[in-house]
Amino acid sequence: MNHIELFAGCGGLTLGLESVGFQLVFANELSAMAGETFAYNFFQENLADTLSGKIPLKTKWLSSNYPLADLNKRLRENPRTYPSLNKGFSEVYSVEDFKGGLIIGSIVQLNEWLEQHQEQLEILKKSFGQGELDLVSGGPPCQSFSMAGMRQLTNERNTLPWEFVKFVKYLQPKAVLLENVSGILKPFKTDGRSYYAWFEVAKAFMSIDYIPLCLHINAKYVGVAQNRPRFIMLALRQDVYFNLKPHFNTLEQALFAQSESCHEKLKNKQMFNYSELKYFDIEKSEQQIYFNHTFLKELVCCKNNLHTVSDAIDDLRVNAEITIVKSSYVKKINKLLLNDNNNILKNHELRSNGLLVKSRFRLYQILNQVDRRLLNEVKQVLKGELNQLSNQVALELLNFEYLAENGSGLIKFKSKNELESYLTKHQTKKQTQKALIADKPAPAAMSIADDICHYHPEELRTLTVREMARIQSFPDNFVFRSKITTGGKMRQFEVPQYTQVGNAVPPLLGAALGKVITELLNKNNTNKIELPNDVETRVTNEVCTNHQQLDIFKQKYRA
């Protein structure tokens, strides 16, 4: 299988896909900071090493304000200032410059380049002689769709999925994989109307004759030590879909039934709305059969054996005993190793935290252990909205040990007044911070380093980049490059190491999706998955809500 990776970031999805046999035709990424990490790990190109005089062979810019001799400036360049094509400095002259490498620049400019060189598109469609292009994959920037960020219908980033569609239209791969945040499933409200971004994206792919399958999944179910729900759209080119359809079982045909129907309506210029195209949600019990008995089964391979934060990072504790053995989780992710960079653990530098911050971190660890009904009252005290605790809350909190005000160790308070005085001294307006819970997967939002602290009372600190990467399922020899963190206005365009990790598709999720796509595209070469009789009956009853629909379903979609 071969693939092109758009919005490649530091390479999490690429690493996962390549670990299950995919070969990279080329990748595209906007940020040179993330591109520096991608190049270092996949091509062994050290873009920051300008003293050696080595010219990067696999990493090229579509357009830059700086010549290649000023590579350091390129690595810190604001992507918003990239010159228009043919106006700045570039190393991309023909389609051969794409081969097996990384093209830095916006997808808008990439599509413009393809428009200007349409006579060379056939070379990309045939993967430089390696056969028909199997997959185009990528995760368009998601901040404008995220429930944790600024949800803006008019945000210019919301146009990027449509640029993705345009790219696919040019190159016509057999399959498409689009990854995004769960927030894309929630409607935008504008002018009294609900706008469903996922539905509009699916329709856009239908308009270029792809049959989409929309899913709501979670990375923790494929073995990632993080509760990371995600929207996934798999889409098959129309001719590929109809060639594979006879090899689908009943459930697999049901997965695509509504998409096929909507695609037909679109071709015939008939109207339809979002209620006619559903997405399949891994969290809904009645839809479990679609994941358990189809080519999607890899997406629930670890559902009964979730990995936790301690599985991922316990052996990296500063005060951990030397005898701590790496968990099965760490051994599993290290099987994704790209190459032997060396055996020295990189990106594990501890950040400095002041005494006041450490005391708050200990408070967050304690709050993870108390009854959730008590949390609001404690948070009100920490925000300065309340001066006293109720006796019930105080009694609960007096059972725990707190960091002494001089930092000498953990202490217990003897009275309610002592506890209240301590909490008052640690008031903060920042309410996004939380401590990890050792025996659970990590929370989804982890791209801002200061928002998460360690779970262990002897580790009152934020996580290192390596610990974040472990949780995301990156192997230990995957090295993150560029700045460690950033702040202020630079956040608008810089992509430092912490952000690279937080934005990445977890490699284990990439591997699972790669297996799904491989099985899907090979359906005509493999045996059909047989369904138990009870499942066969249940799916027809669940898909069809009345007798008329049931008859239509049996006639048209049964295996």
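Within the stretch 410-513, report the trypsin sites (Lys or Arg not before Pro) that DSSP leaves as loop and that have at most 13 other Cβ atoms within 10 Å.
Details: sites: Lys412, Lys414, Lys416, Lys425, Lys429, Lys430, Lys434, Arg461, Arg466, Arg470, Arg481, Lys483, Lys489, Arg491; in loops: Lys412, Lys414, Lys429, Lys430, Arg461, Arg481, Lys483.
In loop regions of the stretch 410-513 (DSSP not H, G, I, E or B), the sparsely surrounded trypsin sites (Lys or Arg not before Pro) are Lys412, Lys414, Lys429, Lys430.
Using Cα-only point scatterers and the Debye equation, what is log10 of I(q)/I(0) for the stretch 311-478 at each q in 0.10, 0.15 Å⁻¹, rounded to two decimals?
Per q value, in the given order, log10 I(q)/I(0) is -0.43, -0.86.
In debye, nearest 20: dipole of the chain around its Cα centre with unit charges on the Cβ of K, R (+) and D, E (-)?
900 debye
Quick check: residue separation of Leu355 and Leu121 times 0.36 nm, minus the Cα distance between them. What number comes out in nm?
In short, 78.3 nm is gained.
In the chain, what % of DSSP beta bridges are antiparallel (nearest 5)?
For the chain, the DSSP antiparallel bridge percentage is about 50.
For Gln130 and Asn334, FRET efficiency with R0 = 30 Å and r from the beta-carbon atoms, rounded to 0.05?
0.55
Which GluC sites (Glu not before Pro) does the stretch 346-421 hold that lie in a coil by DSSP with at most 16 other beta carbons within 10 Å?
Glu349, Glu385, Glu401, Glu405
Which entries of Lys125/Lys174; Lys297/Lys331; Lys60/Lys489 show an alpha-carbon separation above 18 angstrom in the structure shown? Could you put the intermediate results ahead of the total?
Values: Lys125/Lys174 10 Å; Lys297/Lys331 23 Å; Lys60/Lys489 27 Å.
Correct reply: Lys297/Lys331; Lys60/Lys489.
Going by Cα centres, the stretch 1-38 and the stretch 52-122 are how many Å apart?
With the stretch 1-38 and the stretch 52-122 each reduced to a Cα centre, they are spaced 16 Å.
Using θ = phi - 60° and the Karplus curve 6.51 cos²θ - 1.76 cosθ + 1.60, what whole-Hz ³J(HN,Hα) does each residue of the stretch 384-393 get, with Gly and Pro shown as x?
Running phi through 6.51 cos²θ - 1.76 cosθ + 1.60 with θ = phi - 60° gives x, 8, 9, 9, 10, 9, 5, 4, 5, 5 Hz.
How much space per residue, in cubic angstrom, does the convex hull of the C-alpha atoms of the stretch 146-304 take up? Don't skip to the answer; put the middle values down first.
Values: hull volume 21.1 nm³, N = 159.
In the stretch 146-304, the Cα hull volume divided by residue count equals 133 Å³.
Between Glu458 and Glu385, what is 0.36 nm times their sequence separation minus the Cα-Cα distance? Round to one decimal in nm.
Taking 0.36 nm per residue and subtracting the Cα distance, the gain is 23.3 nm.
Rounding to the nearest 10 and keeping the result within 0 to 90°, find how far the Cα-based axis of helix 160-171 lies from the longest principal axis of the chain.
That helix lies at roughly 30 degrees to the long axis.
By count of other Cβ within 10 Å, fewest leading, how are Arg373, Arg362 ordered?
Arg373, Arg362
Computed from these coordinates, which is volume of the Cα convex hull per residue in Å³: [x] 191; [y] 172; [z] 156?
Comparing each candidate, only [x] matches the computed number.
Scan the stretch 236-326 for GluC sites (Glu not before Pro) in coil per DSSP, keeping those whose Cβ has at most 13 other Cβ atoms within 10 Å, and list them by number.
Glu283, Glu321
If you rank Ser194, Ser106 by fewest surrounding Cβ atoms within 10 Å, what's the result?
In order of increasing Cβ crowding within 10 Å: Ser194, Ser106.
With r defined as the distance between the Cβ atoms of Ser421 and Asn304 and R0 fixed at 41 Å, what FRET efficiency is calculated, to the nearest 0.05?
The value I calculate is 0.30.
How far apart, in nm, are two points set 7 Å out from the Cα along the Cα-to-Cβ line at Lys54 and at Lys414?
6.5 nm
What is the Cα convex hull volume of the stretch 1-133 when expressed per residue in Å³?
So the per-residue hull volume is 95 Å³.
Rule-based calculations on the coordinates, nothing more; no lab input. Everything numeric in this text was worked out from a predicted model, so none of it was measured. Backbone-built Cβ (ideal geometry, glycine too); neighbour counts: all protein chains shown.
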